[in-house]
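Participant: Below is the structure I would like to discuss, written out as structure tokens.
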Amino acid sequence: MRTYTLTGGRTRPSYVLALDTVLEAGAGRLGPGRAEECHLLLDLCREHRRSVAELAGRLGRPATAVRVLISDLLDDDALHLPITSTYATSDEYGDDRPSLQLLAAFSAGLRKKFPDATSYAKAG
């Protein structure tokens, strides 16, 4: 199957996914009409967490096409991005506050999801 057909002609994923982004199986189900490769991706991630690069290599498909398929699976909640210990808590303050890395990732996600949202100046 040609890559163009596999992704439905899409060349850009709806999420920013680096080659070292790690994914694991989520609780959602595959949407209707998903490609066989989506089922394979999900099966691989059910075994254990895998990176985008590893998934592309295992499928023998270009990373760009695999990112598009992964984006579809993220939309279906069939895959999700686990929060690693780097993002879990901040040792900087000695308490359970979220780390600056997690807040930056969250902020980037909100900007991507709501690009037309109004930004407010800092209060105080």
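Participant: For the stretch 3-80, max minus min Cα coordinate along each principal axis, in Å, sorted largest first?
Facilitator: 28, 27, 21
Participant: Give, as ranges by residue number, the residues of the stretch 7-32 whose backbone N falls under 16 Å from the point 7 Å along Cα→Cβ of D77.
Facilitator: Residues 24-32 qualify, since their backbone N sits under 16 Å from the label point.
Participant: Let me ask something additional. How many nm is it between the label spots at T5 and H48, if each spot is 7 Å from the Cα in line with the beta carbon?
Facilitator: Result: 3.5 nm between the two label points.
Participant: Out of residues 5 or more away from L79 or on other chains, whose amide H comes under 5 Å of its own, with H placed 1.01 Å from N in the peptide plane?
Facilitator: So L79 has HN proximity to G26, L74.
All of the numbers you see were taken from the coordinates with simple rules; none came from a lab. Just so we're clear, the structure is a prediction, and the values are computed from it rather than from any experiment. Positions of Cβ are backbone-derived with ideal geometry, glycine not excepted, and every protein chain shown enters the neighbour counts.
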